[in-house]
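Undergrad: Please see the structure below; I have some questions.
Read-outs throughout are calculated quantities, based only on the coordinates presented, and are distinct from any laboratory measurement. Small disclaimer: the values here were computed from a predicted structure and weren't measured. Cβ atoms come from the backbone with ideal geometry, glycine included; neighbour counts cover every protein chain shown.
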Amino acid sequence: MTSLTSQLAYTYSANRRSLTPFTSLLFTSLNGRTKERLDAINDAGYKRWTNTQWWEEGYDRIWESSPDLHGGDESEARRTNVVYLTADSEEELIELKEGEIYVIGGICDHNRYKVCVYF
């Protein structure tokens, strides 16, 4: 849990310091031990991070029919704009594109825990 929550903080910090930061970060699957650990750190300081959203649900909520992160695209359009990033891929990401949702699957402690971060 310590490693996972440190990675979440690093992701936020790196984006915040970037010359071209993402406009928002979405953290999903925030529940159980991950949420307990974040709540215990710095008086739940993560709740004060700017331009972030925290969902208890998984990333599949992106495709629900309610308005999405970018202002109301339909479910199918959102599905085609999702790029799942993984170290196991043989493809290399060369550029980031406006309007796409990038998913980072956070895996720590020898593949025991997962969390996803969206940009």
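Undergrad: Eigenvalues of the Cα gyration tensor times 5, then square-rooted: what semi-axes does that give for the stretch 1-50, in whole angstrom, largest first?
TA: They are 20, 11, 10 Å, listed from largest to smallest.
Undergrad: By per-residue mean of other Cβ atoms within 10 Å, what is the highest-first order of 90-100, 38-48, 1-11?
TA: 1-11, 38-48, 90-100
Undergrad: If you take every residue apart from Ala9 with its C-beta less than 15 Å away from the C-beta of Ala9, what net charge results, scoring Lys and Arg +1 and Asp and Glu -1?
TA: With Lys, Arg at +1 and Asp, Glu at -1, the net is +4.
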